1. Under 6 Å by Cβ, and 6 or more places apart or on different chains, what pairs join a residue from segment 186-199 that is touching a residue at least 60 places away in the same chain (Cβ under 8 Å) and assigned to a strand (DSSP E or B) with one that is among the charged types (D, E, K, R) and within 16 Å of ligand 1 (Cβ to nearest atom)?
2. Quick one: in segment 201-218, which of the residues that are open to solvent by 40 Å² or more (accessible area, probe 1.4 Å) and part of a loop (DSSP other than H, G, I, E, B) is farthest from ligand 2 (Cβ to nearest atom)?
3. Restricting attention to segment 139-157, and to residues there that are outside any helix (DSSP H, G or I) and in contact (Cβ under 8 Å) with a residue 40 or more places away in the chain, which single residue is surrounded by the most Cβ atoms within 10 Å (Cβ to Cβ)?
4. Which of the residues that make up segment 1-51 are open to solvent by 40 Å² or more (accessible area, probe 1.4 Å), of a type in the set (D, E, K, R) and either touching a residue at least 24 places away in the same chain (Cβ under 8 Å) or more than 9 Å from ligand 1 (Cβ to nearest atom) (or both)?
5. Condition first: within 17 Å of residue 222 (Cα to Cα) and touching an Asp or Glu at 6+ places or on another chain (Cβ under 7 Å). Now tell me which residues in segment 8-31 satisfy that.
6. For segment 60-115, which positions are among the polar types (S, T, N, Q), modelled with pLDDT of 95 or more and within 20 Å of residue 180 (Cβ to Cβ)?
7. Report yes if residue 106 is in contact with a Lys or Arg (Cβ under 8 Å, 6 or more places away or on another chain) and open to solvent by 30 Å² or more (accessible area, probe 1.4 Å), otherwise no.
Amino acid sequence: MLRVENITHSFKNGSESTPVLHDINFTVNPGEMVALLGSSGSGKSTLLNLMAGLMKPMEGDIYIADHSIVKMSENKLSEFRRKHIGFIFQAYELITSLTVRENVELPLVFQSVSPSIRKQKSLSLLEKVGILDKADLFPSQLSGGQQQRVSIARSLITEPSVIFADEPTGNLDSKTEEEIIGILLELNKTMNTTFIIVTHETDVAEQMQRIFALRDGYLVSEKGSLVGMEPKGGISIEN
Ligand SMILES: Nc1ncnc2c1ncn2[C@@H]1O[C@H](COP(=O)(O)OP(=O)(O)O)[C@@H](O)[C@H]1O
Ligand SMILES: [Mg+2]
């Protein structure tokens, strides 16, 4: 489903270059729910943005459903992203002038799907995330947790191969966080959607099937919580 091969990335600031990711390798199978765990600045968002095709790595390759998103032309990549990739942001990123239902349907508007099919799909997803009764409200009339549910429904509407979520509960209190993670786990189980969830919280990561832990741009462990431990020679760094 997703294959990350020898990804190395730096950010250039004039003549200075800051290395951010070092030779990252891993594979995610279809239907898996994976946490990308690490403290602030460890490179999680950079890796997620690379995997979602939002930027190109300096070195290495990334395959989604056997297509290299690194080698793809920009035109092809935008189309590929629209069809195959979903994204959930920490700050929801809903369009305030559109209703809940219109927000959820927006990705299908860009795919010229008919209004009746859009409506059918959006209402069914809003029901799945538990806010069907909010369909005709505007985002400003919803709580943070409800807005994130809208954004989850929007990410699913194109039936993407994989959904990337960058700290999806980062703006929420712990009770709402639990609800949102519960919804993501349930959707993964019932719809078999592949999820890559970025988090800095060990207890969120531990609910996922697999954990990739990043430290200072290095993949220090695969599965299990090793936060606070020094990477040792014996710890599995997948290659
Ligand atoms: N656009 C950028 N330009 C320069 N440095 C960046 C840029 N984006 C991120 N960084 C740096 O890369 C490192 C990793 O950042 P990031 O991927 O956002 O980490 P995380 O999401 O784990 O907090 C940090 O040191 C950050 O300052
Ligand atoms: Mg981040």
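The values are calculated or read from the model by the stated rules, or taken from the named source; none is laboratory data. Because the structure is a prediction, the values reported are computed rather than measured. Methodologically, a virtual Cβ is constructed for each residue, glycine included, from the backbone with ideal geometry; neighbour enumeration extends over all protein chains shown. Just the protein is used for accessible areas: all its heavy atoms, side chains included, with ligands, DNA and RNA removed. Shrake-Rupley method; radii C 1.70, N 1.55, O 1.52, S 1.80 Å.
1. Here the result reads 198/44; 198/166; 198/167, each pair linking segment 186-199 to a residue that is among the charged types (D, E, K, R) and within 16 Å of ligand 1 (Cβ to nearest atom).
2. Among residues in segment 201-218 that are open to solvent by 40 Å² or more (accessible area, probe 1.4 Å) and part of a loop (DSSP other than H, G, I, E, B), the one farthest from ligand 2 (Cβ to nearest atom) is 209.
3. Step one: of segment 139-157, the residues outside any helix (DSSP H, G or I) are 142-143, 157.
Imposing the further condition that a residue be in contact (Cβ under 8 Å) with a residue 40 or more places away in the chain reduces the set to 142, 157.
Working: 142: 18, 157: 21.
Restricting to residues being outside any helix (DSSP H, G or I) and in contact (Cβ under 8 Å) with a residue 40 or more places away in the chain, the top hit is 157.
4. 3, 5, 16, 23
5. Listed by number, the residues that qualify are 25, 26.
6. Once the filter is applied, which keeps residues that are among the polar types (S, T, N, Q), modelled with pLDDT of 95 or more and within 20 Å of residue 180 (Cβ to Cβ), segment 60-115 yields only 103.
7. Values: in contact with a Lys or Arg (Cβ under 8 Å, 6 or more places away or on another chain): yes; open to solvent by 30 Å² or more (accessible area, probe 1.4 Å): yes.
Yes, satisfied.
Each row is one residue, and each column tells you yes or no for (1) among the basic types (Lys, Arg); (2) modelled with pLDDT under 95; (3) open to solvent by 10 Å² or more (accessible area, probe 1.4 Å).
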| position | (1), (2), (3) |
| --- | --- |
| 167 | no, no, yes |
| 179 | no, no, yes |
| 185 | no, no, yes |
| 190 | no, yes, yes |
| 195 | no, no, no |
| 199 | no, no, no |
| 220 | no, yes, yes |
| 228 | no, yes, yes |
| 237 | no, yes, yes |
